[in-house]
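In what follows, a structure is listed as structure tokens, so that the remarks can point back to it.
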Amino acid sequence: MDTDRLSQGQLIAAVSAIALFIVSFLPWFGTPEVTGIGPGGGSITIGGNYNMWEGENPLDIYLLIVILVALVPAALALGGGGDQPLAPIATTLLAGVGTLLIIYQLFDQPGDLGTKIGIWLGLLACAGITVGGYLAMQEDIGGERY
Amino acid sequence: MDRLSQGQIIAAVAAVVLLVAEFLPWLGAGGSATVTGPGGGSVTVGGSENFNLWDGSTLDIYALIVGVVALTPAVLALSGGAEEFSFMSAATFLLGVVGIILVVAFLTVDFPDGASRKIGAWIGLVAMIVIAYGGFRAMQEEVATEI
């Protein structure tokens with residue numbers, strides 16, 4: 001794989017997108033575990049940790065779109081495909097909005113649902129995609145600066 | 001207002017509809033039953049409750065962002081602001097298309113079990129489609145103007 005075909009911005013966005021995908025499987029939310037006796041006499045545990053995909057929340061689908069928008073131009077560039085002039089703008093816009101959505105999610109927790117390490121790492125990764133997309137935009141406008 | 005293209009006007013009107021629709025019921029939960037009491041009178045037990053988009057979904061803030069982005073060219077034009085809206089049309093189109101995907105996902109795979117879809121959700125979906133169309137049309141009009 002010849003990563004020289006990627007600009008620095010594309011590389012940062014792609015690496016951050018892969019990181020966000022991996023982080024999406026870590027715990028993002030959690031509730032205190034409570035163990036009790038069920039109707040049949042067996043023990044039942046309620047609560048636990050949830051990753052990004054386990055919440056009934058459109059954030060998972062949105063961040064999947066962000067990951068794809070950040071990765072596809074990089075994959076095309078690595079495969080020797082043509083330039084995608086709108087890709088850095090789309091990456092910056094969608095990842096920027098994604099970063100806002102994650103920040104909003106941090107302050108909009110229903111009930112006693114708490115935040116876990118995954119959401120903080122996801123916030124960092126999504127911000128990384130935004131920065132990568134912005135750098136790629138600047139590189140497109142002003143030529144290779146880095 | 002004359003500086004606004006037809007696509008931008010379409011997107012702006014749909015954005016207002018979307019922002020209003022956020023406060024309409026999007027889903028309903030529960031149900032009520034009327035039973036006849038021992039004295040012959042009827043008693044209603046339980047009750048259904050409606051929830052708008054601000055009651056517990058990240059879609060609320062996303063719809064707000066889409067609405068603001070779609071409205072910005074109209075607000076700038078009305079206030080005599082900058083004339084350059086080219087990036088906003090592309091942003092409106094892109095955010096509108098992603099918004100359609102998110103609302104469809106909310107109404108299908110992410111929809112809570114046992115809940116029912118209410119009028120706000122359908123109006124929101126139509127508004128999101130019109131916003132994307134308005135953004136696309138505004139992009140086309142900008143290309144035609146440049147030629």
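I'd like the full set of residues that are part of a helix (DSSP H, G or I), surrounded by 16 or more Cβ atoms within 10 Å (Cβ to Cβ) and without any contact (Cβ under 8 Å) to a residue 24 or more places away in the chain, limited to the range B:105-125. Spell out the reasoning first.
Going through the range B:105-125, the residues part of a helix (DSSP H, G or I) turn out to be B:105-107, B:119-125.
After this cut, where a residue has to be surrounded by 16 or more Cβ atoms within 10 Å (Cβ to Cβ) as well, the list is B:105-107, B:120-121, B:123-125.
The answer is B:Ala105, B:Leu107.
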Quiz item: Could you list, in sequence order, the residues of the range B:112-125 that are under 17 Å from B:Glu22 (Cβ atoms) and either facing chain A (nearest Cβ under 9 Å) or in contact with a strand residue (DSSP E or B) (Cβ under 6 Å, 6 or more places away or on another chain) (or both)?
Solution: B:Lys118
Quiz item: Applying the selection to the range A:83-119, what residues are surrounded by 18 or more Cβ atoms within 10 Å (Cβ to Cβ) and more than 15 Å from A:Leu71 (Cβ to Cβ)?
Solution: A:Ile89, A:Leu93, A:Gly96, A:Val97, A:Thr99, A:Leu101, A:Ile102, A:Gln105, A:Gly118, A:Ile119
Practice problem: Considering only the range A:86-121, state which residues are within 11 Å of another protein chain (Cβ to nearest Cβ), in a loop (DSSP other than H, G, I, E, B) and touching a residue at least 40 places away in the same chain (Cβ under 8 Å). | Solution: A:Gln109, A:Gly111, A:Leu113
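Yes or no, residue by residue, for (1) surrounded by 17 or more Cβ atoms within 10 Å (Cβ to Cβ); (2) at pLDDT 85 or above; (3) charged (D, E, K, R):
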position	(1), (2), (3)
A:Ile18	no, yes, no
A:Thr31	no, no, no
A:Gly38	no, no, no
A:Gly42	no, no, no
A:Ile46	no, no, no
A:Met52	yes, yes, no
A:Ile67	yes, yes, no
A:Gly81	no, no, no
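Scan the range B:89-101 for residues that are more than 11 Å from the chain's Cα centre (by Cα) and either more than 14 Å from chain A (Cβ to nearest Cβ) or without any contact (Cβ under 8 Å) to a residue 60 or more places away in the chain (or both) and jot them down.
Going through the range B:89-101, the residues more than 11 Å from the chain's Cα centre (by Cα) turn out to be B:89-95, B:97-98, B:101.
Listed by number, the residues that qualify are B:Ala90, B:Ala91, B:Phe93, B:Leu94, B:Leu95, B:Val97, B:Val98, B:Ile101.
Could you go through the range B:67-85 and let me know if any residue there is surrounded by fewer than 17 Cβ atoms within 10 Å (Cβ to Cβ), within 18 Å of the chain's Cα centre (by Cα) and either modelled with pLDDT of 85 or more or of a type outside the set (Lys, Arg) (or both).
Filtering the range B:67-85 down to residues surrounded by fewer than 17 Cβ atoms within 10 Å (Cβ to Cβ) leaves B:68, B:75, B:78-84.
Still in the running and within 18 Å of the chain's Cα centre (by Cα): B:68.
Then keep just the ones that are either modelled with pLDDT of 85 or more or of a type outside the set (Lys, Arg) (or both); that gives B:68.
Yes, because at least one residue in the range B:67-85 is surrounded by fewer than 17 Cβ atoms within 10 Å (Cβ to Cβ), within 18 Å of the chain's Cα centre (by Cα) and either modelled with pLDDT of 85 or more or of a type outside the set (Lys, Arg) (or both).
For the structure I just gave you, tell me whether A:Leu124 is within 14 Å of chain B (Cβ to nearest Cβ) and part of a helix (DSSP H, G or I).
Numbers: within 14 Å of chain B (Cβ to nearest Cβ): no; part of a helix (DSSP H, G or I): yes.
Considered against the rule, which asks whether it is within 14 Å of chain B (Cβ to nearest Cβ) and part of a helix (DSSP H, G or I), A:Leu124 comes out as no.
Those residues that are polar (S, T, N, Q), within 14 Å of another protein chain (Cβ to nearest Cβ) and closer than 21 Å to A:Leu101 by Cα, I need them from the range A:50-85; list them, please. Spell out the reasoning first.
Quick first cut of the range A:50-85, residues polar (S, T, N, Q) only: A:51, A:57, A:84.
Next, only the ones that are within 14 Å of another protein chain (Cβ to nearest Cβ) stay: A:57, A:84.
Correct list: A:Asn57 only.
Just to be sure I understand, how many residues within the range A:20-49 are more than 14 Å from chain B (Cβ to nearest Cβ), of a type outside the set (S, T, N, Q) and part of a strand (DSSP E or B)? Steps first, answer last, please.
The first filter runs over the range A:20-49 and keeps only residues more than 14 Å from chain B (Cβ to nearest Cβ), leaving A:20-27, A:30-49.
Okay, now just the ones that are also of a type outside the set (S, T, N, Q), so A:20-23, A:25-27, A:30, A:32-34, A:36-42, A:44, A:46-48.
Remaining after also requiring part of a strand (DSSP E or B): A:27, A:30, A:32-34, A:36-37, A:44, A:46-48.
The qualifying residues number 11.
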Exercise. Can you work out which of the residues in the range A:70-79 that are among the hydrophobic types (A, V, I, L, M, F, W, C) and surrounded by 23 or more Cβ atoms within 10 Å (Cβ to Cβ) is farthest from A:Ile18 (Cα to Cα)?
Key: A:Ala74
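So, A:Asp60, is that one among the charged types (D, E, K, R), more than 20 Å from A:Asp140 (Cα to Cα) and surrounded by 13 or more Cβ atoms within 10 Å (Cβ to Cβ) or not? Working first, answer last.
Values: among the charged types (D, E, K, R): yes; more than 20 Å from A:Asp140 (Cα to Cα): yes; surrounded by 13 or more Cβ atoms within 10 Å (Cβ to Cβ): yes.
Answer is yes for this residue.
For the range A:120-138, how many residues meet the condition of being among the hydrophobic types (A, V, I, L, M, F, W, C) and either crowded, with 23+ Cβ neighbours inside 10 Å or touching an Asp or Glu at 6+ places or on another chain (Cβ under 6 Å) (or both)?
Qualifying residue count, the range A:120-138: 4.
The values are calculated or read from the model by the stated rules, or taken from the named source; none is laboratory data. No experiment lies behind these values; they were computed from the predicted model shown. Quick reminder, even Gly has a Cβ in these numbers, built from the backbone with ideal geometry, and neighbours come from all protein chains shown.
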